[in-house]
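Presented below is the structure to which this report refers.
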Amino acid sequence: MKKFFFILIILFSNTFLYCGTFIDTVYSFVPGSGQNAGQSTEYFPNNIFGAPSGNASWTIPESRPEELCSIGIGGEIIVGIINGVIRNGEGVDFVIFENAFQRLIDNKIFAEPAIVSVSQDGVNFITFPYNEWTLEGMAGKTPTNGQISPFDYPNCGGDGFDLSNLGLDYITHIKIKDVSLIVSINETHPYYQPQFLVSGFDLDAVSIIYPDYSSIINETIDRPSIQETNDRLIVSLSKGTISIYNIQGIMVYSLEANSFCEIPKSSLPNGFLIISVYDSSNNLLITKKVVNFY
């Protein structure tokens, strides 16, 4: 099943800290032909929210309908994040995960590409430049590494997109348009597949590297809070520091924060912990005791 994240994800990989979130809303969806896997309300849209499948690898694709949705041949979907925008930051700003994979029999990538466009208002869209022969600038050509943080691009796999290439500071909408039949037209195409094998782009997830929830953050300036779920801590803080101490009073975690933050319990030591939240002047705002056995 998909793992859901409310606002901001904080994940560790060795000594590096990755922050981001995932799409959480579908503005429109026009399915194409070929197949309808994952399109039923039993699965959709939850199967495209949250992180990409942890089972996916370079040679083993995810195919379960609870983990991804087939857009279908010629299909189109427009997605985004609720109450937020996607900012242009350093490097790629969002990553689209499909279930492309490398075939062991000939080491060829099985790709079902899509054209990616973005918008600041949901009406006027700008398309990322792409090459139908190399599939550069398109989604659906790079396998997923589900064991790597989906914000650690390019190690996580998927196809990354940089708003700098379009001269945009931010966007609100991402449009994914299936054009997978282009790989079946010419047998000399580097990604050629017989048409009977092509069934359309399969969307697994979209990770957002630089989300901006300023409108939400402003509402929580005077209301910092610490919430606990089975697998994470959720801290709302307009601006300040989150510090976590063990029972000996040793700091085991610290983060300069200016938004909602989600801290996976798996990244924290087990045992008795104290979470303290400070404002930008280092005044203690709130504290909470938890016992972590995750």
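The values are calculated or read from the model by the stated rules, or taken from the named source; none is laboratory data. This structure is a prediction, so every number in the text was calculated from the model and none was measured. Note: ideal-geometry Cβ built from the backbone for every residue, glycine included; neighbour counts use all protein chains shown. Remember, those area values only see protein heavy atoms, side chains included, never the ligands or the DNA or RNA. Shrake-Rupley method; radii C 1.70, N 1.55, O 1.52, S 1.80 Å.
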Quiz item: From the set of residues in the stretch 94-113 that are in contact (Cβ under 8 Å) with a residue 60 or more places away in the chain and out of contact with any Gly (no Cβ under 8 Å at 6 or more places or on another chain), which is farthest from Ser33 (Cα to Cα)?
Solution: Lys108
Quiz prompt | Single unsatisfied condition, Ser70 versus (1) open to solvent by 40 Å² or more (accessible area, probe 1.4 Å); (2) within 18 Å of the chain's Cα centre (by Cα); (3) polar (S, T, N, Q) | solution = (1)
Quiz item: Could you count how many residues in the stretch 89-123 are surrounded by 20 or more Cβ atoms within 10 Å (Cβ to Cβ) and assigned to a loop (DSSP other than H, G, I, E, B)?
Solution: 8
Quiz item: What number of residues in the stretch 124-145 are in contact with a strand residue (DSSP E or B) (Cβ under 8 Å, 6 or more places away or on another chain) and open to solvent by less than 20 Å² (accessible area, probe 1.4 Å)?
Solution: 6
Practice problem: Determine if the stretch 49-58 includes at least one residue that is part of a loop (DSSP other than H, G, I, E, B), farther than 27 Å from Leu168 by Cβ and either at pLDDT 95 or above or of a type in the set (Ser, Thr, Tyr) (or both). | Solution: yes
Quiz prompt | Hits in the stretch 141-162 - residues which are in a loop (DSSP other than H, G, I, E, B), within 17 Å of Asp93 (Cα to Cα) and not hydrophobic (A, V, I, L, M, F, W, C) | solution = Thr142, Ser149, Pro150, Asp152, Tyr153, Pro154, Asn155, Gly158, Asp162
Quiz item: Which is open to solvent by 40 Å² or more (accessible area, probe 1.4 Å) and modelled with pLDDT of 75 or more, of Asp212, Asp222, Asp202, Asp231?
Solution: Asp231
Practice problem: Considering every residue within the stretch 163-179, establish whether at least one is farther than 20 Å from Val85 by Cβ, in a loop (DSSP other than H, G, I, E, B), open to solvent by 20 Å² or more (accessible area, probe 1.4 Å) and modelled with pLDDT of 95 or more. | Solution: yes
